[in-house]
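Input: a single structure, listed below in structure tokens.
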Amino acid sequence: MLLLVLGTAAGGGIPQWNCACSGCSGARTHPGRRRRHASLAVRTDDGRWYIVNATPDIGDQIESRPELHPGPGPRRTPVAGLVLTDAELDHTLGIARLREADGLQVITTAPVRQALLDRLHLGDVLAPYTSLTWRQLPPRGAEPLDRDASGLRISGIPVSGKRPRYAADAPDDDAWVVALRLYDPASGATALYAPALAAWPDRFQEAAAEAHCVIVDGTFWDDEEPRRAGISERTATGMGHLPIEGPEGTAERLARLSARCLYTHLNNTNPLVDPAAHQHKRLARLGLEVAYDGMVIDL
Ligand code: MLT
Ligand code: MN
Ligand code: ZN
């Protein structure tokens, strides 16, 4: 299984256009600290790619990787489709960016699909440009990622019923946010990708315990960070993101897994966006990593 990390930032990116916090200012001064919105590319058996979450940066993210470039032939792309873990704008605005496609395959859960069709009206808006083909991301089992291949299998483990703000009154559903589970029957490798993790349900623990690689929500270092930074009245958990440290924190739980564990979806207020921050030492002691843009994970 081959995974390309296309971005590792939470909504807004790093730097965020209207933000002068130390994380964003630091990234303006030191371009190496820049992070694009969190996204992953997954290779299929026949060498094509699915992009997990369509961010506002998706055009640049495709350009950043030769593996994702088009050709041979004028309009042949190795990008076979999109997988969406949720309907948040930072994970879906990129769908419209790909409107030049002959057709776009989108794999996601029912509530996410409904939000994109009924609230963002993506079906109507994009109909004159391209056609969207929807496929269900099953909560259990293991659906072939690519119908033409016998390779990777996927499922979406529900991890949150949090709706995006633009669909706040949409019906309850536990599959608003899922962790993507990828299983490669050829190598036996399993990866879990959860850029938004509001809770740690038993099924997530079971999947994490048997995974070889777990990439999770590293939006906030601790629960008070959003309030302390003055960006929200809510705590990290109140915003649908388990913090890294503290009683609800994910670090201790990840450290108990045998998997390689990495954080992604870092908010610009997270101290980890500064490579000199002491918090990196704490993670290193626990054997945990912070994913970076351009990282390649071969399982
Ligand atoms: C989130 O991860 O909580 C959302 O992307 C926040 C947002 O962009 O509104
Ligand atoms: Mn987000
Ligand atoms: Zn900032």
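The values are calculated or read from the model by the stated rules, or taken from the named source; none is laboratory data. Quick caveat, the model's predicted, so the values are computed rather than measured. When we count neighbours, we look across all protein chains shown, and the Cβ atoms used for this are built from the backbone with ideal geometry, even at glycine. The area values use the complete protein model at the heavy-atom level, side chains included, leaving out ligands, DNA and RNA. Shrake-Rupley method; radii C 1.70, N 1.55, O 1.52, S 1.80 Å.
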Scan region 210-230 for residues that are without any contact (Cβ under 8 Å) to a residue 60 or more places away in the chain, aliphatic (A, V, I, L, M) and part of a loop (DSSP other than H, G, I, E, B) and jot them down.
-> A211
Any strands (runs of 3 or more DSSP E) falling wholly within region 127-209 and containing at least 3 residues that are open to solvent by 20 Å² or more (accessible area, probe 1.4 Å) = 131-136
Output the residues belonging to region 21-56 that are within 22 Å of E225 (Cβ to Cβ) and in contact (Cβ under 8 Å) with a residue 60 or more places away in the chain.
-> C21, S22, G23, C24, G26, A27, R33, R34, R35, R36, A38
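Every residue, every condition in (1) within 19 Å of G287 (Cα to Cα); (2) among the basic types (K, R); (3) away from ligand 2 (no atom under 16 Å from the Cβ); (4) at pLDDT below 95, yes or no:
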{"site": "P185", "(1), (2), (3), (4)": "no, no, yes, yes"}
{"site": "L192", "(1), (2), (3), (4)": "yes, no, yes, no"}
{"site": "A198", "(1), (2), (3), (4)": "no, no, no, no"}
{"site": "P201", "(1), (2), (3), (4)": "no, no, yes, no"}
{"site": "Q205", "(1), (2), (3), (4)": "yes, no, yes, no"}
{"site": "A209", "(1), (2), (3), (4)": "yes, no, yes, no"}
{"site": "H212", "(1), (2), (3), (4)": "yes, no, yes, no"}
{"site": "T219", "(1), (2), (3), (4)": "yes, no, no, no"}
{"site": "D223", "(1), (2), (3), (4)": "no, no, yes, no"}
Are any residues in region 26-69 open to solvent by 70 Å² or more (accessible area, probe 1.4 Å) and touching a helix residue (DSSP H, G or I) at 6+ places or on another chain (Cβ under 9 Å), and if so, which ones?
-> R34, R36, R43
Those residues of region 103-126 which are open to solvent by 70 Å² or more (accessible area, probe 1.4 Å) and either within 16 Å of ligand 2 (Cβ to nearest atom) or over 26 Å from S155 (Cα atoms) (or both), in sequence order = D124, V125
Kindly indicate whether any position in region 14-32 is within 13 Å of ligand 2 (Cβ to nearest atom) and within 15 Å of the chain's Cα centre (by Cα).
-> no
Do we find that I231 is within 16 Å of ligand 1 (Cβ to nearest atom) and open to solvent by less than 40 Å² (accessible area, probe 1.4 Å) in this structure?
-> no
Do we have any residue at all in region 241-256 that's within 23 Å of N18 (Cβ to Cβ) and open to solvent by less than 50 Å² (accessible area, probe 1.4 Å)?
-> yes
Can you work out which of the residues in region 9-54 that are within 15 Å of ligand 3 (Cβ to nearest atom) and polar (S, T, N, Q) is nearest to T85 (Cα to Cα)?
-> Q16
What number of residues in region 275-289 are open to solvent by 50 Å² or more (accessible area, probe 1.4 Å) and touching a residue at least 24 places away in the same chain (Cβ under 8 Å)?
-> 4
Just one of L93, L84, L89 is crowded, with 23+ Cβ neighbours inside 10 Å and within 16 Å of ligand 1 (Cβ to nearest atom); which is it?
-> L84
Among the residues of region 107-117, which ones are in contact (Cβ under 8 Å) with a residue 40 or more places away in the chain and of a type outside the set (S, T, N, Q)?
-> I107, A110, P111, V112, A115
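A quick yes/no check of all residues on (1) out of contact with any Ser or Thr (no Cβ under 9 Å at 6 or more places or on another chain); (2) within 24 Å of G230 (Cβ to Cβ); (3) of a type outside the set (S, T, Y):
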residue	(1), (2), (3)
I244	no, yes, yes
R253	yes, no, yes
R256	yes, no, yes
A259	no, no, yes
Y263	no, yes, no
N270	no, yes, yes
A276	yes, yes, yes
L283	yes, no, yes
